[in-house]
Amino acid sequence: MRQRAIWKCLAMSVLALAMGASHAAAADYPARQIRLVVPFTPGGGTDIMARVIAAEMTKNTGQTVVVENKPGAGGIIGTEYVARASPDGYTLMIGSVSTISINPSLYTKMSVNPLEDLMPAGAISSTPSIFAVPADLDVSTLQEFIEYAKSRPGSINYGSAGVGTSHHLAGELFKMQTGVHAQHIAYKGSSPAALSLMRGESQFLIANIPSLQAALDGDRIKPLAVTSLNRAKQFPDLPTVVESGLPEFEVVVWYGMFAPKNTPEEVVGRINEEIRKAVSSPTVQKQLITEGAEPMVATLAEFEQIIMRDYEKWKRVIEASGIQLE
C-alpha cells in the first residue's frame, strides 16, 4: 500500500510539473521564430493569406513568423511535414477547406489524417465563389440558367481548375441539388477554366472571386450568384445562390492556422489570441477584402464546427460522384 501511495505521489508530481511547464511555455509564447508552412506554391490564395497574417503576427509579437512553402500532392506534403513536427507551437500550417476537410475523403492514400493529426489554432478568412456563365448566354438569373440547362441535357459542360478542386466539387454539388446534367472538364488551373468559359466551351463555372476578377472586370463573363450565405462585399448587388432558390447551397473556401496534435492547449490558446488580434486589425481586414476574402473572427469551437460540417458535406459529394485520387 505504501509503495502504491509513493507511486501515486510521484505521478501527481510529474503531472504537476508538466502542467507547470505547459503554463510557462504559454506565458512566454512566442519566445523565438515561428515557422508557418504553406502546402502550396507561392502566389496562390493560401500563400497570400499566410503572408498577410505572418506580417501582422510578427509586428504584434516581436518574433519573426517565417513563411515556408512546401508544395506537392494537393497540399499533402506540407500537411505531413507539419503533422510530424514538434508539437511546441513553433511549426504551424495555413490550412484550407481543401487540405483539411476535403483531402481525407478525396485521397485514398494519405499517411496522415489532418482531422486527427492537426489541431485548429484559429480561423483567418473565407473566400466565396461566383457562379458564372458566358457573357453572351441569354440568361439573367440562376433559376433561368437551371431551366436553360435542363432543356439541353447532354450539351452542358462546366470547367474546373482540376479534378478534386473546390471548383469541381462545387459543380458536382450543384448537379446534385438541381438535377442538372453536366459534363465536367478539368483544366490545369483557374485561368484556363475561366478562358474556357469566356470562349463558350463550358456553360458554367463556380470559382473564387480572385481567380475570376479580371474576367469580371472586363465583362467577359456573366456572374449570376455568389455562393456564400451572405452577399459578398465586393458584389453587394449580386444575389446569393440561396436567395436564388437553392436553400442548402453554400460553397466557401476558408483558411485557418493549424498546429501538430498534442500541442499544449495553453499554447494553442495563445496562438489563437494572436490570430484573432491579427484578423481584427483594420489593415489586415482591408488586405483580405482586396484579395476577395472575408475576415473570419471565430472561436476555436466555432471553427471546429465549420471544419467538421464541411468534412461531412464534401464527403457526401465525393462519395456520390465517385471522385478519388491517389
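Observations on the model:
- Any chance A132 is outside any helix (DSSP H, G or I), modelled with pLDDT of 95 or more, at negative phi and not hydroxyl-bearing (S, T, Y): yes
- When the criteria are applied in full, R270 fails the requirement of being modelled with pLDDT of 95 or more and loosely packed, with under 15 Cβ neighbours inside 10 Å.
- Any chance S125 is among the hydroxyl-bearing types (S, T, Y), outside any strand (DSSP E or B), in contact (Cβ under 8 Å) with a residue 40 or more places away in the chain and surrounded by 20 or more Cβ atoms within 10 Å (Cβ to Cβ): no
- The sole residue among E319, E273, E266, E302 that is of a type in the set (D, E, K, R) and within 29 Å of A73 (Cβ to Cβ) is E319.
- Among the residues examined, T240 does not qualify as buried (at least 23 other Cβ atoms within 10 Å of the Cβ) and modelled with pLDDT of 95 or more.
- Within the range 185-209, tally of residues that are surrounded by fewer than 18 Cβ atoms within 10 Å (Cβ to Cβ) and within 22 Å of the chain's Cα centre (by Cα): 5
- Entirely in the range 215-323, the helices (runs of 4 or more DSSP H) that have 3 or more residues that are of a type outside the set (S, T, N, Q) and under 25 Å from Y81 (Cα atoms): 265-279, 300-321
- Selected residue [over 23 Å from E273 (Cβ atoms) and small (G, A, S)] from G72, G62, G95: G72
- Among all positions in the range 147-160, there is at least one residue which is of a type in the set (A, V, I, L, M, F, W, C) and not assigned by TED's automatic domain parsing to the domain that holds V317.
- Hey, K261 modelled with pLDDT of 95 or more, farther than 18 Å from E172 by Cβ and out of contact with any Lys or Arg (no Cβ under 6 Å at 6 or more places or on another chain) or not: yes
- For T283, the conditions (1) surrounded by fewer than 17 Cβ atoms within 10 Å (Cβ to Cβ); (2) closer than 30 Å to M176 by Cα; (3) among the hydroxyl-bearing types (S, T, Y) all hold with the exception of (2).
- Filtered by the rule that a residue be surrounded by fewer than 18 Cβ atoms within 10 Å (Cβ to Cβ) and in contact (Cβ under 8 Å) with a residue 60 or more places away in the chain, the range 309-322 gives K315, E319, A320, S321.
- Within the range 42-71, being closer than 28 Å to G164 by Cβ, small (G, A, S) and either at pLDDT 95 or above or touching a Phe, Trp or Tyr at 6+ places or on another chain (Cβ under 9 Å) (or both) holds for G45, A50, A54.
- Selection of the range 51-76 for residues being polar (S, T, N, Q) and either touching a Gly at 6+ places or on another chain (Cβ under 8 Å) or part of a strand (DSSP E or B) (or both) yields only N69.
- Qualifying residue in the range 77-92 (condition: at pLDDT 95 or above, in a strand (DSSP E or B) and in contact with a Phe, Trp or Tyr (Cβ under 7 Å, 6 or more places away or on another chain)): yes
- Here is the figure for the range 135-170: residues that are in a loop (DSSP other than H, G, I, E, B) and small (G, A, S) total 8.
The values are calculated or read from the model by the stated rules, or taken from the named source; none is laboratory data. A quick note: this is a predicted structure, and the numbers were derived from the prediction, not measured. As a convention, Cβ positions derive from the backbone with ideal geometry for all residues, glycine included, and neighbour counts pool all protein chains shown.
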